[in-house]
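These notes are about the structure you will find just below.
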Amino acid sequence: MKPILLLLFLSTITLFAKEFNLIIHKPFDAVLFDITQDYDRTISAVGVSKEFQQHATYSRSYDNAFDYLESLSQKYGSQMHLIKVDSQSTHIIFSKTAKLTKFNTAVSLKKSATNGYFVGGYTMDGSLIVAKLDTYGNLLESKYFGTKNFDRMSKLISLSDGGVLAIGSSITSRNTQDDMFTTGLGNNDIFITRFDKNLHMLWSKKYGTQYDDIGIDGVEAYDGSIVIVSTTSYDKHKDVSLMRITENGDRVWLKHYKSKKRIVPTKIIRTRDNNFVLSLVQYNDARKEHIRLIKFDLYKNVLIDKEIFTTHPSGLNDIAEFSNGSFIAVGYVKDTFNTDALAMLLDADLNMLKQERYGDKNYDIFNALSVLNNSQVAVAGIHTDKNSQEANMWIVKLNKDATMATSTNPLSRKTKTYTLSIYEKLLQLFEQEIKNKQLHINQDLTIEFINDTLYFQIGQYHLTSKQKEFLKSFAHKLIPFLLQHKSSINTLEINGHTSSQWGNTQLPAKYLNNEKLSMQRALSVINYIFTQQDKTTQQWLTQIIKGSGVAYKEKIMQHKKEMKKDSRRVTFKIILK
């Protein structure tokens, strides 16, 4: 075995020196299952976090357990969780739960053409979910689908037309009137559904044998057909099957890998030479797992079949190819009392070149990876603190040689922790105002008023009664909140804005007049908020408030057209120490 690198971990949201190694602690178990690079070079990962009601309520009784779960869904229970991280450091840009209508788990994350996301998963009562999010992680649309029985999603894969394919399993209906009952014969059948880029369902089909069949993963071939990997379980056996289907879901060929020993597929990828690599975990007679990799072509011909034996039992959960034809894979390695995360380098012939282990003396595992534009690798998984029983979200960045990458702009632990918590708390604090579309809060802690009644009239800076009424309520929440977190607050910026118009004047007068007006708008807001506070609070505000006018530098644009009314506003920005 190659030299082993062990890292010791701290708490909350933790940064190790300058290493790109981020652990995100949440109440109860929280894990990450998939990761991707965004078009702006940031990194996003998806998984599940949990929150439960701490005090029982008895205001209503429930006859059905799922009705009870749904009654808690917007506040408690398992929810899809999306995290976006700066690619140059370990600064968390945002951390959001989807808050769908049922307890749910996310298993897969794919990019949309608009720099948003497709997230795939399933609910605890057996429904499948595909959610479409914007680039900020806001839910645009979600689709619940599947049969009336119990379904599970394994993977969501990207397609060349901008759509996605959901792969999983479904309990057989046994009802011949059910349109889904076409080829399903066993307890579980492979269940595949295709969506276009707008999340419209194109088709949904079942495949299988008389035994238990489960769809594991898939990948699109260069000709638009799709190769699916699945398992078939019967007696004490678990076979692996490869199936090629057309873009419409019609089967082209089927190949079974039968083995007397247990074998489990984990990932399939398409290589640069338009062949495929399948990663599997194979068990020996002592029921210890080791790694098996199979390379095959589009016509099911096996090109390489490689078994990799390590000192300790190990398995790979994800694999990707570098531009030079070599591979990097991640997974886990076990010794007697400990499981570590594993990173492994392989050459073009799937021979192991190097392996590195990461983790504490507990349970740590890498679930997914994404090769970045600079040949580094983002990895998502699970970390468990020493002497703890709760899993935590884990994001690391590796170099091409599988060593830990460094952060080029490391932040202090204190700042990173507050950046995440203050943003989330602001969303909770102004939940009603956001819901009523009165304001919007950005991940950089900028607060923007977005209601027509809160904009300024042309050339005006005096506050209207509507503006005063809202500002009073707004300040009544914001100022105590800032005081509560004053140890981390550096500045409260209050910026006045204008549109670019000023009669028929030329540039110098147009700019200077708008600059003066924007300053007057900021000062009107500062004056109104400041005079409502007691003297102690006023004294503190003098140390943090910064008022400025930015004229029309940050005017609101939509479809290349200036939104003049929306531009006449004031914004707040919280800057942390």
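Restricting to the range 146-173, what's the tally of residues that are farther than 15 Å from residue 111 by Cβ, of a type in the set (Gly, Ala, Ser) and not in a loop (DSSP other than H, G, I, E, B)?
Qualifying residue count, the range 146-173: 5.
Specify the residue that is farthest from residue 478 (Cα to Cα); the eligible residues are those in the range 389-440 that are aromatic (Phe, Trp, Tyr) and modelled with pLDDT under 85.
Going through the qualifying residues, I end up with 418.
So which strands (runs of 3 or more DSSP E) are wholly in the range 296-344 and hold at least 1 residues that are among the acidic types (Asp, Glu) and either modelled with pLDDT under 95 or not assigned by TED's automatic domain parsing to the domain that holds residue 274 (or both)?
Per the criteria, 302-308.
Among 560, 553, 546, 573, which is the only one that is modelled with pLDDT under 90, basic (Lys, Arg) and surrounded by 14 or more Cβ atoms within 10 Å (Cβ to Cβ)?
Exactly one of 560, 553, 546, 573 is modelled with pLDDT under 90, basic (Lys, Arg) and surrounded by 14 or more Cβ atoms within 10 Å (Cβ to Cβ), namely 553.
Going through 113, 106, 45 one at a time, which residue ends up being modelled with pLDDT of 70 or more, part of a loop (DSSP other than H, G, I, E, B) and at negative phi?
113
Pick out the one residue from 294, 319, 308 that is under 29 Å from the mean Cα position of the chain (by Cα) and among the aliphatic types (A, V, I, L, M).
319 is the lone residue from the list that is under 29 Å from the mean Cα position of the chain (by Cα) and among the aliphatic types (A, V, I, L, M).
Which one of 134, 125 is modelled with pLDDT under 90, under 21 Å from residue 200 (Cβ atoms), among the acidic types (Asp, Glu) and not assigned by TED's automatic domain parsing to the domain that holds residue 423?
Matching residue, one of 134, 125: 134.
Name the residues in the range 479-515 that are farther than 21 Å from residue 560 by Cα, among the β-branched types (Val, Ile, Thr) and touching a residue at least 40 places away in the same chain (Cβ under 8 Å), would you?
If the condition is that a residue be farther than 21 Å from residue 560 by Cα, among the β-branched types (Val, Ile, Thr) and touching a residue at least 40 places away in the same chain (Cβ under 8 Å), then 479, 489, 491, 494 are the ones that fit.
Kindly list the number of the only condition in (1) over 18 Å from residue 278 (Cα atoms); (2) within 20 Å of the chain's Cα centre (by Cα) that fails for residue 354.
(2)
Search the range 259-291 for residues being assigned to a strand (DSSP E or B) and of a type in the set (D, E, K, R), and hand back the single one that is surrounded by the most Cβ atoms within 10 Å (Cβ to Cβ).
267
The values are calculated or read from the model by the stated rules, or taken from the named source; none is laboratory data. What you see is a predicted model; the values in this text were computed from it and never measured. In this analysis, Cβ positions are derived from the backbone assuming ideal geometry, glycine residues included, and neighbour counts consider all displayed protein chains.
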